[in-house]
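Heads up: the structure comes next, in structure tokens.
The values are calculated or read from the model by the stated rules, or taken from the named source; none is laboratory data. Model, not experiment: these values are computed from the prediction. Cβ placement follows ideal geometry from the backbone for every residue including glycine, while neighbour counts extend to all protein chains displayed. These area figures cover heavy atoms from the full protein model, side chains too; ligands, DNA and RNA do not enter into them. Shrake-Rupley method; radii C 1.70, N 1.55, O 1.52, S 1.80 Å.
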Amino acid sequence: MGRRPARCYRYQKNKPYIKSRYCRGVPESKIRIYDVGAKKAPVDLFPFVAHLVCDEKQQISSEALEAARVAINKHLGKTVGKDNYHIRMRAHPYHVLRANKMLSCAGADRLSSGMRHSNGLSVRVTHTGRQTIGSGTRKHLIGSQNMVRVGTHTNVVVILSDSLSQMLIDGNTGKTVGKDNYHIRMRAHPYHVLRANKMLSCAGADRLSSGMRHSYGKPIGVAARVDIGQILLSVRAKDVHEPHVIEAIRRGKFKFAGRQKILKSLKWGFTKYHREDYVRMRRSGELAADGNIVKVHNRRGPLEKSALFLAGQE
């Protein structure tokens with residue numbers, strides 16, 4: 001079964017719908033690796049970091065996230081080497097996408113066009129209006145004692161042209177009074193066109209599917225719901241590799257719909273400290289390296305083991 005275009009699921013129109021015990025059978029996400037490159041490199045090794053920031057409120061599929069990761073990783077691997085960068089995907093696809101399968105007969109694995117261009121083909125004509133019978137006309141139709149039972153409802157009714165023709169045939173037998181003693185006039189004219197949306201363009205196109213009845217849909221994939229200003233991915237590297245990182249993110253940006261911006265961060269790596277503050281706090285012992293991040297000294301423990309006390313700070 002082919003996927004519908006990603007533009008069908010681009011915007012956030014409904015509430016978040018995640019995988020749970022009530023929503024089963026969700027396909028696995030296409031992106032399985034969120035940290036690529038030298039992810040174990042020390043925090044002091046890669047001071048430069050650039051972000052790809054989303055500029056629209058939308059949904060990004062897991063296929064698009066995986067395609068962007070592959071494109072950035074491929075470019076950086078060729079230009080700076082696999083040991084000189086670290087990519088971190090910041091958007092996670094948890095929202096479940098659903099598709100309404102329009103068929104329940106043979107060929108149900110093929111999705112029809114659904115409600116796109118659902119004007120339909122002309123199948124027959126009907127009469128859609130019944131006017132109220134006036135008092136001047138009623139006396140020619142029925143007796144005054146039955147006047148109360150005459151319906152004057154003005155709602156639209158649909159009378160098929162087949163039924164009208166059958167009424168004309170049944171009433172024109174002439175068995176009781178003779179054909180020269182009556183005159184039948186059909187007052188309802190079938191001008192309204194009925195349409196039917198045929199959901200198929202393959203074999204069995206004459207069978208109508210269920211359309212939008214019970215159209216909740218089954219899970220077909222997952223997507224990430226992102227807001228304006230949310231970081232989609234981040235890349236940290238050395239300062240000398242800044243042009244290559246910017247170019248790699250620019251190439252990965254084409255995998256997403258909408259608008260994104262590439263921002264160069266003023267902070268050190270994946271930490272929350274500005275470069276000047278980071279250097280000062282690292283020299284004073286307030287920050288300690290902990291893999292690719294740092295941890296703050298909590299000022300607890302024995303004084304002889306405290307880096308702040310040995311550096312002459314409180």
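Once the piece of chain linking residue 250 and residue 3 is laid out straight, how much longer is it, given 0.36 nm per residue of separation minus the C-alpha distance between them? Kindly include the intermediate steps, with their values, before the conclusion.
Working: separation 247, 0.36 × 247 = 88.92 nm, distance 2.66 nm.
Gain on extension, residue 250 to residue 3, equals 86.3 nm.
Of the residues 21, 259, 10, the one with the largest accessible area comes first in the ranking 21, 259, 10, computed with a 1.4 Å probe on protein heavy atoms. For the residues 235, 294, a 1.4 Å probe over the protein chains yields an accessible-area ranking, largest first, of 294, 235. Roll a 1.4 Å probe over the protein heavy atoms and report the accessible area of residue 231 in Å², nearest 10. Counting only protein heavy atoms, the figure is 50 Å². Counting only lysines at least 8 places from residue 295 when in the same chain, those with an alpha carbon closer than 26 Å to its own are 39, 40, 238, 264, 267, 272, 305. In the assembled protein chains, residue 92 presents an accessible area of approximately 70 Å² (probe radius 1.4 Å).
Counting only protein heavy atoms and using a 1.4 Å probe, the accessible area of residue 277 comes to about 60 Å². For residue 175, a cut-off of 28 angstrom between C-alpha atoms picks up these lysines, skipping any fewer than 8 places away in its own chain: 139. Solvent-accessible area of region 1-65 (1.4 angstrom probe, protein heavy atoms only): carbon and sulfur portion equals 53 percent.
Calculate, for region 30-90, the solvent-accessible area per residue in square angstrom, rolling a 1.4 angstrom probe over the heavy atoms of the protein chains. Display every interim value, and only then the final one.
Values: 2620 Å² over 61 residues.
Result: 43 Å² per residue.
Where the centre of each part is set by its Cα atoms, how far does region 64-85 sit from region 255-314, in angstrom? The two parts, judged by their Cα centres, are 26 Å apart. Each of 283, 32, 250 has its accessible area taken with a 1.4 Å probe; listed largest first, they run 283, 32, 250.
What number comes out for accessible area per residue over region 213-303 if the probe is 1.4 Å? Units Å², please. All intermediate terms of the calculation are to be shown ahead of the outcome.
On the way: 5580 Å² over 91 residues.
Dividing the accessible area of region 213-303 by its residue count gives 61 Å².
With a simple spin-label model that places each label point 7 Å from the Cα along the Cα-to-Cβ direction, the separation between residue 275 and residue 32 comes to 3.9 nm. Once both labels are positioned 7 Å from their Cα atoms along Cα-to-Cβ, the gap between residue 179 and residue 15 label points is 6.8 nm.
Only protein atoms count toward the accessible area here, which uses a 1.4 Å probe; on region 218-304, the carbon and sulfur part of that area reaches 52 percent.
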